[in-house]
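Here is the structure we will look at.
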Amino acid sequence: MAEIRLKNVSKRWKHFVAVEKLNLDIADREFLVLLGPSGCGKTTTMRMIAGLEDITEGEIWFGDKMVNKLEPKDRDISMVFQSYGLYPTMSVYENIRFPLRVRKVPDNLHHDKVMRAARMVELVDFLDRRPAALSGGQRQRVALGRAIVREPNVFLMDEPLSNLDAKLRVSTRAQIKHLQHELKTTTVYVTHDQIEAMTLAHRVVVMNKGIVQQLGTPSDIYDRPANIFVAGFIGSPAMNLVHGDIQDGVFNAENMRVAGLPLTVSGPVTLGFRAEDAAIGPETGEIAAGVYALELLGDASLIAMQVGGELVSIKAPKEFRADIGTPVRASVPAKICHLFDRTTGARIEERIVR
Ligand SMILES: Nc1ncnc2c1ncn2[C@@H]1O[C@H](COP(=O)(O)OP(=O)(O)OP(=O)(O)O)[C@@H](O)[C@H]1O
Ligand SMILES: [Mg+2]
């Protein structure tokens, strides 16, 4: 069993707050992803769980044991870092075997364990090579194999794919997902890549400036972002956000009017909608603006338009074409809209009248 619980965990360096009152319950066998922009406190959180960084405040529990004072080596975790950290003079076999030697696992068990890990990360044919003679993806798999070989209670992975090119990242991502399914080891995975987070996680923690913005399943976070930060961070392209005013359920901004919003509030709000939920046409569409740019994505065309002082994107069928400047209408019906408080950034929904 490997549940991890963070209670009010904070990390400060002098007056600088890297992580602020973090509360997290990570379930046994869960794949939890910490997601957020550079500097938001992901690695710091990971290092506190590993015991590599003292915590300024709060408690970390593994199951029913508080581990605040426990040395990293006594926490039964394996870490995989962005830089692979392989030993250049050792073969792949010896690199994978290394944790078994350090942990004084009896010698007669080593070979089977190394071979099992090597099979899982598909490195059986490379066991005699040195890291210098491997590709980036293969080196990353050695690092994974070395993490697996110990059969730890918990995996901590800090941006393990960021050194790989786009294609390799996709295939290694699938491999990590498959491995976690096979091994069923509790995993905390750090990334700033929202697609990686959405594809790998059971649950995602979105962080900004050391503070949790939202915790939920990938679809929770995509379908019901808790605030403007999450809405603008998740999705490719991210959610369109338009600043305007609402009165009697009608939202108004430059080039845009949406009626029928089930809200009793009035005043300034930010309205969000996703490119793929909107559509080009009809003549009565909520947006009327000129085409600012048209991008061909292959499976769709992405139309950019200027609305309420912002550029918004709308997905159109792949065969859609229009010259820059052509006036178009786009439909953004009330039912696809998300509303956010302009001052706090929080999602508005408690005031919805049904
Ligand atoms: N030893 C340190 N002393 C002071 N500040 C630090 C220290 N280590 C990290 N920080 C600061 O804490 C903040 C969080 O750092 P952290 O490494 O956790 O970010 P991150 O979310 O992992 O970012 P990235 O995606 O760039 O890796 C940053 O602003 C960083 O500059
Ligand atoms: Mg980091």
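In percent, rounded to a whole number, the relative contact order of the stretch 30-140 is 21, using alpha-carbon pairs under 8 Å and six or more apart. When every Cα-Cα distance of the chain is counted in 10 angstrom steps from zero, the calculated P(r) takes the values 5, 21, 25, 21, 15, 9, 3, 0 percent. Normalised by the number of residues in the stretch 237-341, what is the relative contact order in percent for Cα pairs under 8 Å and 6+ residues apart? Over the stretch 237-341, the number comes to 32 percent.
Placing +1 on the Cβ of every Lys and Arg and -1 on the Cβ of every Asp and Glu, with no other charges, gives the stretch 237-341 a dipole of roughly 160 debye about its Cα centre. Once a ≥ b ≥ c are taken as the square roots of the eigenvalues of the Cα gyration tensor of the stretch 125-164, is the result rounded (a/c under 1.5), prolate (a/b larger than b/c) or oblate (a/b not larger than b/c)? Verdict is oblate for the stretch 125-164. Which residue, R321, R29, R203, tops the fluctuation ranking in a GNM of the chain built on C-alpha contacts under 10 Å? Taking springs between Cα atoms under 10 Å, the residue moving most is R321.
Quick one: putting +1 on the C-beta of Lys and Arg, -1 on the C-beta of Asp and Glu, what dipole do you get for the chain around its Cα centre, in Debye to the nearest 20?
Roughly 1120 debye, rounded to the nearest 20.
The order of I221, I348, I148, going from fewest to most other C-beta atoms within 10 Å of their C-beta, is I348, I148, I221.
For the stretch 237-341, a Kirkwood radius taken over Cα pairs fed into Stokes-Einstein (10 °C, viscosity 1.306 mPa s) yields D = 116 µm²/s. In loop segments of the stretch 1-73 as defined by DSSP, there are no chymotrypsin sites (Phe, Trp or Tyr not before Pro) with at most 14 further C-beta atoms inside 10 Å of their C-beta. Residues whose amide H falls under 5 Å from that of K21, counting only those 5 or more places apart or on a different chain, are S10, K11, with hydrogens built in the peptide plane. Determine the alpha carbon to alpha carbon distance for each of K42/K177; K177/K335; K113/K177; K21/K42; K209/K335 and list only those over 24 Å. Cα-Cα > 24 Å for K177/K335; K209/K335; rest within.
Taking GluC sites (Glu not before Pro) across the stretch 253-354, the ones in a DSSP loop with at most 15 further Cβ atoms lying within 10 angstrom of their Cβ are E254, E276, E283, E319, E349, E350. Between H192, H181, H338, the Gaussian network model of the chain with springs among Cα atoms under 10 angstrom shows the greatest mean-square fluctuation at H181.
In which sequence would R173, R103, R130 go, from the one with the fewest C-beta neighbours within 10 Å to the one with the most?
In increasing order of surrounding Cβ atoms, one gets R103, R130, R173.
A short reminder: the numbers here are calculations on the coordinates, not readings from a lab. What you see is a predicted model, and the numbers here were worked out from it, not measured in a lab. In this analysis, Cβ positions are derived from the backbone assuming ideal geometry, glycine residues included, and neighbour counts consider all displayed protein chains.
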